[in-house]
Each structure stands twice: as C-alpha cells, then as structure tokens.
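Following: one structure in structure tokens, then a few remarks.
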Amino acid sequence: MDDAAADMKTLVKDAQSLLTSAASLTGVKADELRARGMRMLDAALGKSSEYKDQAMVKGKELAKNADVYVKDNPWRTVAAAASVGLLVGILLGRK
C-alpha cells in the first residue's frame, strides 16, 4: 500500500508540473504537454482503480477468513468479545 501511495503522489506531482509548464506555453508545444499531462492523469486513475479492486478482493478474503474462524471457534470468539467489552466498560467507567 505504501508503494501505491508513492506511485500516486509521483504521478500527480509530475502531471501538475507538466500542466503548470503547459500553462505558460502556447501552440503545438503546449498542446503536447497538456496531452502528456492528461495521459499521466489517466494512468493515475487507472492505477487507483486497480488498487481499489485489489483492496476489495483482500477485504472479502479477510472477511471470509474471519467468518470461518468465528464458526470454528464460537466460544473463543464470545470470550474475546466479552473481554474487549469489559475493558471498554472499565475504561469508560474511570472517566
């Protein structure tokens, strides 16, 4: 996920610098820079969509694993939930 954030930041910064440079130019050079900037932004959108899809798949996988664990260990899960509830109750009662 850190790589994804770094990739996105790099793409956005590069696109911003290209579009800033293109703003001061006119003619064919400006059109080329704007087109290049738009391609970079499109690539960033494509990457973000790819990362979103990967996150969805991983989230579903984790939810399935949690469901299997709870079904296999119902009493252990109840004990863990009760312990967390007790700790939260104690912490809230102190304030």
Among the lysines, which fall within straight-line cross-link reach of K9, defined as a Cα-Cα distance under 22 Å, with same-chain neighbours fewer than 8 residues apart omitted? K47, K52
Have a look at the stretch 35-80 and give its Rg and Dmax from the Cα atoms, expressed in angstrom. 19.0, 60
Give me the one-decimal nm value for the distance between modelled label points at I90 and R76, 7 Å along each residue's Cα-to-Cβ direction. 2.3
Report, ordered by chain and residue number, the aspartates and glutamates lying within cross-link reach of K64, taken as a straight Cα distance under 13 Å and ignoring same-chain residues fewer than 8 apart. D72
With Kirkwood's inverse mean 1/r over C-alpha pairs for Rh, give me the Rg to Rh ratio of the chain, two decimals please. 1.38
Add -39500 (n - 2.57) for each DSSP H run of 4 or more in the chain, then divide by its residues: what number comes out at 222 nm, to the nearest 500 deg cm²/dmol? -34000 deg cm²/dmol
Within the set of other residues whose C-beta is less than 12 Å from the C-beta of G59, count the net charge using Lys and Arg as +1 and Asp and Glu as -1. +2
Where does the charge balance sit around V28 when Lys and Arg score +1, Asp and Glu -1, over other residues with C-beta under 14 Å from its C-beta? +1
When only Cα pairs under 8 Å and 6 or more residues apart are kept, what is the percent relative contact order across the chain? 22
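Every number here is computed from the coordinates shown, using simple stated rules; none is lab data. It should be emphasised that the depicted structure is a prediction, and the values quoted were computed from it without experimental measurement. Note that each Cβ is placed from the backbone with ideal geometry, even for glycine, and that neighbours are counted across all protein chains shown.
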